[in-house]
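In what follows, a structure is listed as C-alpha cells, so that the remarks can point back to it.
The values are calculated or read from the model by the stated rules, or taken from the named source; none is laboratory data. Predicted, not measured: the structure shown is a model, and the values here were computed from it. Glycine gets a Cβ as well: all are built from the backbone with ideal geometry, and neighbour counts include every protein chain shown.
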Amino acid sequence: MARNLFAILDDLTANLAELKATLAPLALIGGTVVSEARKPAASPQRRATGAPSRSRGPISAKRRAAMREQGRYMSAINPLSAAQRAQVKKLRAAKGVDAAIALAQRLQR
C-alpha cells in the first residue's frame with residue numbers, strides 16, 4: 001500500500017514539473033501566471049479597492065425589541081424535539097410569542 005502511495009506521489013511530482021516546464025514561456029510573456037500560482041489558496045477574499053463599506057443605520061426601539069423577542073423564542077425552542085417545536089409554533093401563530101415561550105419553557109422541564 002505504501003509503495004503505491006509513493007508511486008502516485010512520484011507521478012504527481014513528475015507531472016507537476018512537466019507542467020511548470022511547459023508553462024515557463026507563458027511566465028516570460030505575462031509574468032502573472034507563475035505569481036498567481038504561488039499565492040496561498042487560503043488567502044482571505046479582498047473587496048474591490050473602490051467599494052466603500054456599507055454601514056447600517058441605527059436600529060429603532062421597536063426593531064430592537066422584536067430582535068430580542070425573537071432571540072428569546074429561538075433559545076426557548078432550541079432544546080425541544082420536533083413534535084414539541086410544532087406544538088409551540090402552532091401556539092405562537094394563535095396566541096403570540098410570549099405564550100409560545102411560556103409553553104416551551106414548560107415543555108423543557
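The requirement of being on the phi < 0 side of the Ramachandran plot, at pLDDT below 85 and surrounded by 10 or more Cβ atoms within 10 Å (Cβ to Cβ) is fulfilled somewhere in region 35-48, by at least one residue. At pLDDT 95 or above, out of contact with any Asp or Glu (no Cβ under 7 Å at 6 or more places or on another chain) and of a type in the set (A, V, I, L, M): does that describe residue 107? So residue 107 does not fit the description; no. Contact map, region 68-90: residues that are at positive phi and assigned by TED's automatic domain parsing to the domain that holds residue 100 paired with residues that are assigned to a helix (DSSP H, G or I) and of a type in the set (Ser, Thr, Tyr), Cβ distance under 9 Å, separation 6+ or inter-chain. No pairs are found.
Within region 66-79, can one find any residue that is assigned to a helix (DSSP H, G or I), hydroxyl-bearing (Ser, Thr, Tyr) and at pLDDT 70 or above? Checked against the condition, which is being assigned to a helix (DSSP H, G or I), hydroxyl-bearing (Ser, Thr, Tyr) and at pLDDT 70 or above, region 66-79 yields at least one hit.
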